[in-house]
Amino acid sequence: MDDLRKLYRLDELSDYKVASHYPDIRGWKITDANNLVIGTVDDLIVNKAEERVVYLDLEVDKKLIDDRDTPVIEIHNDDENHLLLPIGAVSIDESNKSVICNDVSYATFGRAKRFRKGENINREYETALLRTYYPNDDSDTLRNKNQDDDFYRRSHFERRG
Amino acid sequence: MAEIKIEKKKPVWPWIVAALVIAALVYFIFFWDKNDEQEVIQETTDVTNTDTVSDEAQTMNGNGEVAAYIAFIENNRNNMGLDHEFTNEAFTKLIAATEAKAADVNYDITRDMTQVKEYADKITNDPYETTHANSIGKAATTLAGILQGIQQNSYPDLSADAGEVMSAANSIDPSKLTLDQKDTVKSFFDEASDLLNNMNK
């Protein structure tokens, strides 16, 4: 993670933990709205200054990667099997220990550009990924990539309703 | 939609410190007092360390129990006091020495010794009872009788010494307080020591 953007992997922050009364969803399965398995939550990407999760770091399910029905947009290496998913795009089912993504479909995940586990993420990647997930989002903060203060104050990263 | 917050972990060291403090308190409350009691008992006892064995005792040809009793009496010979601890230990060591000497010469003292031990238990368990001197007198007399039996069986030349032990035992007055006749009581222990010493020569 790039320190300048205040993002960290929670696994790297030895003095931080998921706050009380919030579920630690690392290791939980994530599905789309049609119950198709997207992958597993491998880590939580946090904004340390605001003390909240902004992305889920997913290890993408191999079946999705190998699915020939999904159009291939990006060429990936075999070890590039991780994706980021904004926290605001999911709901959490604590009773079943699962995460449901309502905003992004199985097929869209198949088209998204993946990265290698632990690889540094830059704002250019984040913007491109959000455009993949939300192709109709034409807001200023996506067009003006360097507006750090407002980038994570978007509905994709916050609880709605 | 989901929200997950993070927080700083709380440091562990305050809990460790608290646990150590509690452990120390438990130790001082439940174990420290017992250690103090043992130390106080030892401090108030004027009895000389019985592990010290005089040269005379060490040169004797005798068993350990007899030597230990003789050494105990000799080490406390100049002690003018007669406290409960001294009396208890003197009887304990004299009983052990008498049993050892009887075993040496194959003389059966089981029945009489059982009686002596009952008297000795009374002395131990009722240190403030006014019948203390009575129990001491009875224990002394019975022990003197046992020693006399051993003497008659195996040491015919020591009849005078055995007689002095019996005389000293009979001099203990059950109607008087022990502290009022401490010389008489000590005399019994001294005479018994002399007899056992002579038996070992």
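The values are calculated or read from the model by the stated rules, or taken from the named source; none is laboratory data. The model shown is predicted, which means the values in this text are computed figures rather than measured ones. Using ideal geometry, Cβ is built from the backbone for each residue, glycine included, and neighbour counts are taken over all protein chains shown.
When segment B:63-97 is filtered for residues that are modelled with pLDDT of 90 or more and among the charged types (D, E, K, R), the ones remaining, listed by number, are B:GLU65, B:GLU74, B:GLU89, B:LYS93. All told, A:ASP149 meets the bar of being at pLDDT below 90 and either assigned to a helix (DSSP H, G or I) or within 14 Å of another protein chain (Cβ to nearest Cβ) (or both). Candidates are the residues of segment A:86-128 that are among the hydroxyl-bearing types (Ser, Thr, Tyr) and farther than 19 Å from A:ASP66 by Cα; the one that is surrounded by the fewest Cβ atoms within 10 Å (Cβ to Cβ) is A:SER95.
Restricting segment A:18-71 to residues that are without any contact (Cβ under 8 Å) to a residue 24 or more places away in the chain and of a type in the set (Ser, Thr, Tyr), the residue that is nearest to the other protein chains (Cβ to nearest Cβ) is A:TYR22. Would a scan of segment B:120-131 turn up a residue that is among the small types (Gly, Ala, Ser), under 22 Å from B:ASP183 (Cβ atoms), in a loop (DSSP other than H, G, I, E, B) and in contact (Cβ under 8 Å) with a residue 12 or more places away in the chain? So far as segment B:120-131 goes, no, none of its residues is among the small types (Gly, Ala, Ser), under 22 Å from B:ASP183 (Cβ atoms), in a loop (DSSP other than H, G, I, E, B) and in contact (Cβ under 8 Å) with a residue 12 or more places away in the chain. I'd like the full set of residues that are within 22 Å of A:ARG114 (Cα to Cα) and assigned to a strand (DSSP E or B), limited to segment A:8-39. Once the filter is applied, which keeps residues that are within 22 Å of A:ARG114 (Cα to Cα) and assigned to a strand (DSSP E or B), segment A:8-39 yields A:TYR8, A:ARG9, A:LYS29, A:ILE30, A:THR31, A:ASP32, A:VAL37, A:ILE38, A:GLY39. With respect to B:ALA192, is the statement that it is at pLDDT below 95 and under 19 Å from the mean Cα position of the chain (by Cα) true? In short, no. Residues that are of a type in the set (A, V, I, L, M) and free of Cβ contacts under 8 Å to residues at least 40 places away in the same chain occur in segment B:86-102; there is at least one. Could you check, for segment A:68-80, whether at least one of its residues is under 30 Å from B:LYS9 (Cα atoms) and surrounded by 15 or more Cβ atoms within 10 Å (Cβ to Cβ)? Within segment A:68-80, not a single residue is under 30 Å from B:LYS9 (Cα atoms) and surrounded by 15 or more Cβ atoms within 10 Å (Cβ to Cβ). I want to confirm something. Restricting to segment A:83-92 and keeping residues that are in a strand (DSSP E or B) and at the interface with chain B (Cβ under 10 Å from one of its Cβ atoms), which single residue is nearest to the chain's Cα centre (by Cα)? Here the answer is A:PRO86.
Taking the conditions (1) modelled with pLDDT of 95 or more; (2) aliphatic (A, V, I, L, M); (3) farther than 21 Å from B:THR178 by Cβ in turn, B:MET60 satisfies each one other than (1).
Which of the residues that make up segment B:138-174 are polar (S, T, N, Q) and more than 24 Å from the chain's Cα centre (by Cα)?
Selection gives B:GLN151, B:GLN152, B:ASN153, B:SER154, B:SER159.
When the test is whether a residue is of a type in the set (Phe, Trp, Tyr) and free of Cβ contacts under 8 Å to residues at least 60 places away in the same chain, A:TYR106 does not pass it.
Residue-by-condition table, conditions (1) modelled with pLDDT under 90; (2) within 14 Å of another protein chain (Cβ to nearest Cβ):
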{"position": "B:ALA2", "(1), (2)": "yes, yes"}
{"position": "B:LYS9", "(1), (2)": "no, yes"}
{"position": "B:ILE16", "(1), (2)": "no, no"}
{"position": "B:ASP51", "(1), (2)": "yes, no"}
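Right, B:LEU179: in contact (Cβ under 8 Å) with a residue 24 or more places away in the chain, loosely packed, with under 14 Cβ neighbours inside 10 Å, farther than 17 Å from B:TYR69 by Cα and out of contact with any strand residue (DSSP E or B) (no Cβ under 6 Å at 6 or more places or on another chain) or not? Yes: the conditions hold for B:LEU179. Residue count for segment A:83-101, restricted to those that are touching a residue at least 12 places away in the same chain (Cβ under 8 Å) and farther than 22 Å from A:PHE151 by Cβ: 6.
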